[in-house]
Amino acid sequence: MEEVKTKCCFNCMYFNNDPEYIERAFAGLRVLGSGYSSVKRDDGICQLDDRYLSGYNVCDGYKERE
């Protein structure tokens, strides 16, 4: 059975939700909590647009991960 991927940021090659990457991108985040926090859940950084956003967003720059 073929896996069907939803066209959203979480599945985009430009999206990065690695907690350590997010903590480096936002200096001082550890003061407020952590890149591993449950409230972050599927949020991450779009490396194409340089924006922090939900993994459920989608834009015209979407490119499926290989």
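The values are calculated or read from the model by the stated rules, or taken from the named source; none is laboratory data. Remember, predicted model here, so these are calculated numbers, not experimental data. As a convention, Cβ positions derive from the backbone with ideal geometry for all residues, glycine included, and neighbour counts pool all protein chains shown.
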So for the range 59-66 (the condition being part of a loop (DSSP other than H, G, I, E, B), in contact with a helix residue (DSSP H, G or I) (Cβ under 9 Å, 6 or more places away or on another chain), surrounded by 16 or more Cβ atoms within 10 Å (Cβ to Cβ) and at pLDDT 90 or above), does at least one residue qualify? yes
Close pairs (8 angstrom Cβ cut-off, 6 or more residues apart or separate chains): modelled with pLDDT of 80 or more in the range 2-30, assigned to a helix (DSSP H, G or I) and surrounded by 15 or more Cβ atoms within 10 Å (Cβ to Cβ) anywhere: F15/C9; N16/I22; N17/F10; I22/L29; E23/L29
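Quick one: how many residues across the range 31-57 are in a loop (DSSP other than H, G, I, E, B) and at pLDDT 90 or above?
Here the count works out to 9.
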